[in-house]
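Scroll down for the structure; my scribbles are underneath it.
No lab work stands behind these numbers, since they all come straight from the coordinates. None of the values given here were measured: they were computed from a predicted structure. Neighbour counts are summed over all protein chains in view; Cβ atoms, including those assigned to glycine, are modelled from backbone coordinates with ideal geometry.
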Amino acid sequence: MPAMKRRPRPKSASHIPRPFRRNQAAAVDSSVQSLRDKRQQFLRRRGIYLLPNAFTTAALFCGFFAVVQAMNVRFEIAAIAIFAAMVLDGMDGRVARMTHTQSAFGEQFDSLSDMVSFGVAPALVIYEWILRDLGRWGWLAAFVYCAGAALRLARFNANIGVVDKRFFQGLPSPASAALIAGFVWLAIDNRVPVNLAWLPWVAFALTVYAGVTMVSNAPFYSGKAFNVRHRVPFGVLLLVVVAFVAVSSDPPIMLFGLFVLYGLSGYVYWGYQLLRGRQNPARTATDR
């Protein structure tokens, strides 16, 4: 009996060849990937990074909080708020560099936040606390500081990528704010009478010094060369512990003393460079 030939089954309309299904899935995947790419491009063009800008917003809030507390005659809390803003301002830059979330928006937002927290707030705090007793000399000193902070921030933004990253050109605005806030906190914590004849003039000299030093060419060590992700000797960790213990023992005295030393270090190093016949590392190529 001859072998029966199997008739080919008719292709149903619902049957789709396997290669065609693969092509259809590939087309769907490519369309989804295209939508994702367009979304990522839109976010890169119009979106902002949340994490570093959240720290910047917190620093801005501390600066505004310091202004409010100064208006309510609570100067010690205002000074502490400025120090809190300084810590948060240092963290946002570190977080942005470590997570690779730097952006032009973040740079501009950080500068505006610094102007409020380290320009307007310290000037208003020290004026409301003691400089108002000097009349027009008091508000002139506060304006010199505020204008110095604005000029320093504008020059910093204009000279990004031009100066040596190891040094700041002029005293950084957070350090200047720490000088003012530290002096206020130190005097209030030690119950120094505000009716002393010499106290307003010391505050006047300190405020003008901080404002002028911000726009000077003195080189101040930036600390940007220090990378927290690299290994360090055990002695460095021991120094960090000693620093925490020293600051916690008497925060007003220790913080003010540390920032006074830092505020003088730029001029000392500048003089040392001049004696050695070397150029100032904080000056730009156009200034030389």
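Just a few scattered comments:
- Three-way shape label, the stretch 74-209, alpha-carbon gyration tensor, a/c 1.5: prolate
- With a simple spin-label model that places each label point 7 Å from the Cα along the Cα-to-Cβ direction, the separation between residue 212 and residue 253 comes to 3.0 nm.
- Net dipole in debye of the stretch 47-275 [+1 Lys, Arg Cβ; -1 Asp, Glu Cβ; about Cα centre; nearest 20]: 420
- Put simply, the stretch 47-275 fits an ellipsoid with semi-axes of 28, 20, 19 Å; these come from the alpha carbon gyration tensor as the roots of five times its eigenvalues, largest first.
- Label-point separation in nm, residue 154 to residue 222, each point 7 Å along Cα→Cβ: 2.1
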